[in-house]
Amino acid sequence: MQHVLVTGGAGYIGSHACKALAKAGFIPVAFDNLSTGWAEAVKYGPLARGDLMDRASIKAALAQYKPVAVMHFAALSLVGESMTDPAKYWRVNVGGALNLVEATIAAGIRNFVFSSTCATYGDQDGVVLTEDTPQYPINAYGGSKRAIEDILRDFGATGAIDHVIFRYFNVAGADPEGELGEQHYPETHLIPLMLDAVAGKRPALTVFGTDYPTRDGTCVRDYVHVSDLVDAHVLGLSWLIGGKGSRSFNLGTGAGFTVREVIDASRAVTNREVPVIPGARRAGDAVALVSGSERAIGELGWEPTRSTLRQMIGDAWAWAGKPPYQR
Ligand code: UDP
């Protein structure tokens, strides 16, 4: 069986990717410094403890496991924090990725799958975003991810490495079999915060901005189930192993929902009210981010079957009722 090095494999999306890779017949090696990830979430292959700022630890993991590919999830990912501390995002995200790409090439590995984001597109006035839409990020998180895409293009042009870039829209939900879920400290994402408020773990959900030019004044996002998202990564890996070359794909469903619509769906799933406080806009938020995902569906054969609000919120709600991962 072939190994795949999964950076951030102890984190939310990375751990789900490890499960999908194991199901597809690979051995996922979770490369993680456990700064935000959870050793308990590493269930489907070994944990290689290391740090992307430490080149020797990357080199050692690649030498030990000789993976057929690298999937790069590890990153700082808080939009708000990236606006107040941009240096950290450029240093860790871009510096870490550069170390990883160089080490991957030095180890003779050609296949590189990268987690990028719709935040690289910036705020484009509600247009449906396709892979050909120009990328103008409006926060340092999106800027750092776009820079990594540039690194991959430049290194790809030398012929040394092929990449599949996935630009995620809003990833949500949890493993439908209940083995994995989302656990961030601090939590900043809408659906887990909303469910915490429903469960009484927080007093209320603050809605960030109710005066946006949308159908109900709140921001529009395109939510995709984490299990659908990681399925696309396995397809992307097959694409690279099959020698199809470098390509970028959006991962969203093409359907946009407002914050209020997410709250309404939660009420239908949990049969409980969400305590809500209308709040100010959050710095760095785009009005609407909706994916054109025809490319992933058409070219990769991706089938996002679980990405309804009901299933995403339902799986996240089931996960929220389980004991949390422990340090
Ligand atoms: N949001 C909100 N209250 C919160 C967290 C998020 O109103 O406590 C909104 C946020 O402004 C955005 C949407 O929910 O419009 C999704 O935010 P999230 O942080 O989950 O993902 P992002 O779109 O920033 O990647």
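Brief remarks on what is shown
- Inverse mean reciprocal Cα-Cα distance (Kirkwood Rh) of the chain, Å: 19.8 Å
- If R0 is taken as 25 Å, the Cβ-Cβ distance between THR305 and GLU179 corresponds to a FRET efficiency of 0.85.
- Sequence-distant aspartates and glutamates (8 or more away, or on other chains) whose Cα lies within less than 18 Å of LYS23: ASP175, GLU177, GLU179, ASP228, ASP231, GLU303
- Selection among VAL198, TYR89, ALA107 by position relative to the dipole of segment 74-205 gives TYR89 as farthest towards the positive end (Cβ unit charges, Cα centre).
- With protein chains left intact and a 1.4 Å probe, residues in the chain average 41 Å² of accessible area per residue.
- Choice from VAL29, VAL70, VAL207 with maximal GNM fluctuation in the chain (Cα, 10 Å cutoff): VAL207
- For segment 256-312, a crude dipole built from +1 on the beta carbon of Lys and Arg and -1 on the beta carbon of Asp and Glu, taken about the Cα centre, is about 260 debye to the nearest 20.
- Filter on LYS88/LYS244; LYS59/LYS88; LYS66/LYS145; LYS19/LYS322; LYS19/LYS145 - keep pairs with C-alpha separation over 30 Å: LYS88/LYS244
- Relative packing of 292-299, 14-21, 1-8, 184-191, which averages over residues the other C-beta atoms within 10 Å, highest first: 14-21, 1-8, 292-299, 184-191
- Annotation: amide H-H contacts under 5 Å for THR117 (H modelled 1.01 Å from N, sequence separation of 5 or more, or interchain): TYR168.
- Net length available on complete extension from ILE297 to ALA268 is 7.5 nm, with 0.36 nm assigned per residue and the Cα-Cα distance removed.
- With every protein chain in place, segment 69-203: carbon and sulfur % of accessible area (1.4 Å): 54 percent
- Extension gain for ALA60-ASP196 works out to 45.0 nm (0.36 nm per residue, less the C-alpha to C-alpha distance).
- For the chain, the Cβ-based charge dipole about the Cα centre amounts to some 580 debye (Lys, Arg positive; Asp, Glu negative; other atoms uncharged).
- Taking ASN271, ASN93, ASN139 in turn, the Gaussian network model of the chain (Cα-Cα springs below 10 Å) assigns the largest fluctuation to ASN271.
- Remark: segment 158-168, residue by residue, has Karplus-estimated 3J(HN,Hα) of 7, x, 8, 7, 10, 9, 10, 9, 10, 9, 7 Hz, where x stands for each Gly or Pro and the curve is 6.51 cos²θ - 1.76 cosθ + 1.60 at θ = phi - 60°.
- Measuring r between the beta carbons of ASP211 and ALA283 and using R0 = 22 Å, the FRET efficiency lands at 0.90.
- About the Cα centre, charge dipole magnitude for segment 1-154 (Lys/Arg +1, Asp/Glu -1 at Cβ), debye: 660 debye
- Estimated FRET transfer efficiency when R0 is 30 angstrom, pair ALA22-HIS189 (beta carbons, to 0.05): 0.75
- Of ALA17, SER57, LEU152, farthest towards positive along the dipole that unit charges on Lys, Arg, Asp, Glu beta carbons give the chain: SER57
- Accessible area, probe 1.4 Å, largest first, for residues PHE73, PHE155, PHE249: PHE155, PHE73, PHE249
- Among beta bridges from DSSP that stay inside the chain, the antiparallel ones total about 5%.
- With the whole protein complex present, LEU235 retains an accessible surface near 60 Å², based on a 1.4 Å probe.
- The GNM of the chain, with springs linking C-alpha atoms under 10 angstrom apart, assigns the highest mean-square fluctuation among ARG215, ARG167, ARG310 to ARG215.
The values are calculated or read from the model by the stated rules, or taken from the named source; none is laboratory data. Just so it is clear, the model here is predicted, and its values are computed rather than measured. Counting neighbours? That spans all protein chains shown, and the Cβs are built from the backbone with ideal geometry, glycine included. Surface areas here come from the heavy atoms of the whole protein model, side chains and all, with no ligands, DNA or RNA. Shrake-Rupley method; radii C 1.70, N 1.55, O 1.52, S 1.80 Å.
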